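Input: a single structure, listed below in structure tokens.
What follows is calculated from the coordinates using simple rules that are stated; it is not laboratory data. Just so you know, these numbers come straight off a predicted model, no measurement behind them.
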Amino acid sequence: GLDLRSQPRTLAELERARDGDKMGFSTTSTVFSAGGQRGFIFSLPIYRHGSPHDIAEDRRSNLLGFVHGWIITAEMIEAVIAATTTPQGLDMLFYEPEAGPNDRPYYAHASRLRTAPLDPPTRTEAGAGSYWSRDIMADTTPWLTLIALPMPDGPLTVRHDRAL
């Protein structure tokens, strides 16, 4: 079986979900039931029926367990990107919000216009040139950080014009 409480980061997220009476999420390096792919586990706390759970102390004492679900990162991202109309010449890199400067992306999607394989850059390398970045949020918590890079020698260029 999978003991979610054995991972400190996942345990902290379960406790945050329980205490806040809200859905929590955490990354997992392997979703075993999905063939060992990387993904995110979502956890919804379930409390005893009819019991108070207005404050964190009540939620802690009346917790029955959690309902869990998961998203396979690669499948989710590819499904969203596949729905776009045309290739644009962007490589999309998805980093965990806590990624260090030398970490590689959690997931990388190469531009559909790319003819050579993408060698995913570290977080520092991705931020060294022109790029666009945005945190993808789940509730009020950063879930993934997207960095979009123009494909080298691709059809897009990045330019910033500033009126003086």
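For this structure, a couple of remarks:
- Close amide H contacts of GLN37 (hydrogens built in the peptide plane, cut-off under 5 Å, sequence separation of 5 or more or a different chain): VAL31.
- Amide H contacts under 5 Å for LEU144: ILE136, restricted to partners 5 or more places along the chain or on a different chain, H placed in the peptide plane at 1.01 Å from N.
- Convex hull projection area averaged over all views, the stretch 84-131, Cα basis, nm²: 3.8 nm²
- Rg over Rh for the stretch 43-123 works out to 1.24, both radii taken from alpha-carbon positions and Rh defined as the Kirkwood radius.
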